[in-house]
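Accompanying notes for the structure given below.
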Amino acid sequence: MDIIIIGLLLGATYALMAMGLQLQYGVARIMNLANGEMLIAGAFGTFWFYTASNASPFYALIGVIPLAFAVNWAIYRVLIVPLVRRARNQGQLEVDCILATFGLSFILVGILLAVFGGEYLSYSYLARPIFILGEPYGLNRVAAFIGSLVLCLGLYLWLHRTRPGLALRAVSVNPAAAGLVSINVTRASALAFALGGAVTAAGGVLLSMFLTFDASLGVVFTLKALIIVILGGVSDIRGAILAAFILGLAETTVASLVDPGLTLAAAYLLFMAILLVRPEGLLGRRSS
Amino acid sequence: MTSEAQAAAPVPVTKSTGHRLGITGREWRNLAIAAVLFALAAVVPLVGSGYVQSIAISIAIYTALATSWMLFSGPTNYISLATAAFFGSGMYIVAGGLDLAPYPVLVLLAGVAGALFAAVVGLATLRISGVYFVIFSLGLAELVRQIITWLQHVLGTMSGLYVYVDRSEEMFFWQLLALTAVVYLVGWWIGRSRLGFALRIIGNDELVAVHCGINTARAKVILFVISSTFAAIAGALVAPRWSYVEPTIAFSPFLSFQVVIMALLGGVHRLWGPLLGVIPFTLLWELISANFPAQTTLLLGAAFLLIVYFIPNGVVGLIEDALRQRGEWLKSLRLLLVRRSRDA
């Protein structure tokens, strides 16, 4: 029972993180291998904020989200747009993006190492037990869960109930056709990329409440987010949310029944299964 | 489909061209040049100091790794970020098996294990679009590291292993040089085989390749297996030189990163391209790690971006552009002279 609850608590944060990547990969069509580093940067920022001010890490969101939005907007404008212009076809763009963001991830790790050093960091916030169905759980996990759910819901409503959200979804379905109905595709893509980065960094803020992290952990989260997005089907945000909970459950199961050091193996197992059985994802549409 | 699919099979050159090898005079010349260069390289550790020897060994390691990386990722445009996974596995097979089997057997075993491992990964990911492969390769080293750490935990062995094999520095270099030579020979052979031709079509347009009747999945998996086998063998050869092997060292993400950056710097469309990236980058890396040991990650990332943005075709691309321009310049000069003489 506690495996299921911890898995669900973890899944909500994963969902947030995967929604960030979904915006970048599904809408802006940029395979961002530096996504996990953005998450870790959010976590580091929160650590710094919390140890300096001792205020609730939730307040860190107020600073981290706009900052990450601005940074990712700049990354898209400065680094990605030249690649989009240079690319002769989608395949070339994909290769260039993978290489550029791979390099970017090392730069971000380098900056984090230079600023914070290479140690494992964690801070103690709301480290009190809370009882759910008679079992104790960390209150910080529950707080992060609620925070993630609120942000996920907000993002979902924004995407499905507002005009900018509609524009983003249109671009994700077909960029060329979206241009025909007078959507500024470049702007929408930049917005999606920046928003995706901001959401990912917010995921990092929430994750830092209950997780020990260091500068080199980013790649693991990039991988998890990618696996979730593929598992859910690239085109559907609901699939990503479902997949995030599946991954959360799978990891918690492996961690508590086999070994906590094997969580990545659990993620890979899911990845293998989806590749072999349903490459288009749980809720994805099979392309011709 | 079946008869056409066999077109992608690596038919030996001797058979496909009838009764002769079909090596042209130009190719004989290039082979001879390569042999002379290798002979010259083999002398380096005998005349150089200890420092030169250690740099020569680094260059040999990275040339073998970057060239074998390029064998697969160059023509197909499938970026593999998993070199460290195979390199580390090869290393661990030597480190873990030294009490059980003689060293040369372990090196062979590392190659076989690397091939099998790559086959499994390739069969799972290379049959569908390229992005899955990149993602899978991104975390592969970390995955193997976790599994080995867990196995060591379960078996109760120490996480660090000592590897004692008696080898001189010269011997290390010659072993790696021999491996590099094999990589080059195999690469050269693939380049002129039907398999290489199939891969170039896949790299240009996979859909076209499928329509030509190429069994694309099979061609990609074969090449990935060849490329990864070399990485595993390189790991096995290097293990005794490091003498102490630990999961975090053996599966460092840095290695995969360096291999990609060096190959890109050199250029991935010529067999000798990666070498032109390895030599300057190894020297640069020596400089960086000696002067800015705390900022290596940052500087490496920056160097990577500079290469991706400003030298997309590598040093080879720059050289070929320069040659082409020189050729055009000479041509226009000749035209001008001809016209002058006619006028006069």
*Among the residues of the stretch B:268-286, which ones are part of a loop (DSSP other than H, G, I, E, B) and within 14 Å of chain A (Cβ to nearest Cβ)?*
B:VAL268, B:HIS269
*Filter result for A:ALA170 (at pLDDT below 90, among the hydrophobic types (A, V, I, L, M, F, W, C) and surrounded by fewer than 20 Cβ atoms within 10 Å (Cβ to Cβ))*: yes
_Just the residues that are under 20 Å from the mean Cα position of the chain (by Cα), surrounded by fewer than 17 Cβ atoms within 10 Å (Cβ to Cβ) and polar (S, T, N, Q), please, taken from the stretch B:183-213._
none
*Looking at the stretch A:94-121, which of its residues are open to solvent by 50 Å² or more (accessible area, probe 1.4 Å), of a type in the set (D, E, K, R) and part of a helix (DSSP H, G or I)?*
A:GLU94
*B:ARG127 is checked against (1) open to solvent by 60 Å² or more (accessible area, probe 1.4 Å); (2) modelled with pLDDT of 90 or more; (3) within 25 Å of A:PRO279 (Cα to Cα); (4) in contact with a helix residue (DSSP H, G or I) (Cβ under 7 Å, 6 or more places away or on another chain) and fails just one. What number does that condition carry?*
(2)
*Could you say whether any residue in the stretch B:92-106 is open to solvent by less than 10 Å² (accessible area, probe 1.4 Å) and under 14 Å from B:LEU255 (Cα atoms)?*
no
*asked:* Filter the stretch B:160-186 down to the residues that are of a type in the set (Gly, Ala, Ser) and either out of contact with any Asp or Glu (no Cβ under 6 Å at 6 or more places or on another chain) or without any contact (Cβ under 8 Å) to a residue 12 or more places away in the chain (or both) and list them by number.
replied: B:SER168, B:ALA178, B:ALA181
*So, of the residues in the stretch B:149-182 that are open to solvent by 30 Å² or more (accessible area, probe 1.4 Å), within 14 Å of another protein chain (Cβ to nearest Cβ) and not small (Gly, Ala, Ser), which turns out to be nearest to B:ALA239 (Cα to Cα)?*
B:THR149
*Does the stretch A:50-71 hold any residues that are at pLDDT 90 or above and under 15 Å from A:VAL205 (Cβ atoms), and which are they?*
A:ILE65, A:PRO66, A:LEU67, A:ALA68, A:PHE69, A:VAL71
*Which one is nearest to B:PHE86 (Cα to Cα) among residues in the stretch B:255-306 that are under 15 Å from the mean Cα position of the chain (by Cα) and open to solvent by 50 Å² or more (accessible area, probe 1.4 Å)?*
B:LEU275
*Among the listed residues A:GLY261, A:GLY239, A:GLY281, A:GLY248, which satisfies the condition of being open to solvent by less than 50 Å² (accessible area, probe 1.4 Å) and over 26 Å from A:TYR156 (Cα atoms)?*
A:GLY261
*Does at least one position in the stretch B:323-344 carry a residue that is within 14 Å of chain A (Cβ to nearest Cβ) and surrounded by fewer than 18 Cβ atoms within 10 Å (Cβ to Cβ)?*
no
*When you go through A:PHE221, A:PHE271 one by one, which is the residue that is within 14 Å of chain B (Cβ to nearest Cβ), touching a helix residue (DSSP H, G or I) at 6+ places or on another chain (Cβ under 8 Å) and either open to solvent by 40 Å² or more (accessible area, probe 1.4 Å) or within 23 Å of A:PHE44 (Cα to Cα) (or both)?*
A:PHE221
*asked:* Out of A:PRO66, A:PRO57, I need the residue that is away from chain B (no Cβ under 11 Å) and buried (at least 19 other Cβ atoms within 10 Å of the Cβ). Which one?
replied: A:PRO57
*Condition broken by A:VAL254, with the remaining ones in (1) aliphatic (A, V, I, L, M); (2) closer than 30 Å to A:PRO66 by Cα; (3) part of a helix (DSSP H, G or I); (4) more than 10 Å from chain B (Cβ to nearest Cβ) satisfied*: (2)
_Can you go through A:LEU21, A:LEU8 and tell me which one is surrounded by fewer than 19 Cβ atoms within 10 Å (Cβ to Cβ), part of a helix (DSSP H, G or I), in contact with a Gly (Cβ under 9 Å, 6 or more places away or on another chain) and in contact (Cβ under 8 Å) with a residue 40 or more places away in the chain?_
A:LEU8
*Which one of the conditions (1) of a type in the set (D, E, K, R); (2) within 14 Å of another protein chain (Cβ to nearest Cβ); (3) closer than 19 Å to B:MET91 by Cα does B:ARG127 fail to meet, given that it meets all the rest?*
(3)
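The values are calculated or read from the model by the stated rules, or taken from the named source; none is laboratory data. It should be emphasised that the depicted structure is a prediction, and the values quoted were computed from it without experimental measurement. All Cβ positions, glycine included, derive from the backbone under ideal geometry; neighbour counts span all protein chains shown. The protein model used for the area step is the full one, side chains on, heavy atoms only, and it has no ligands, DNA or RNA in it. Shrake-Rupley method; radii C 1.70, N 1.55, O 1.52, S 1.80 Å.
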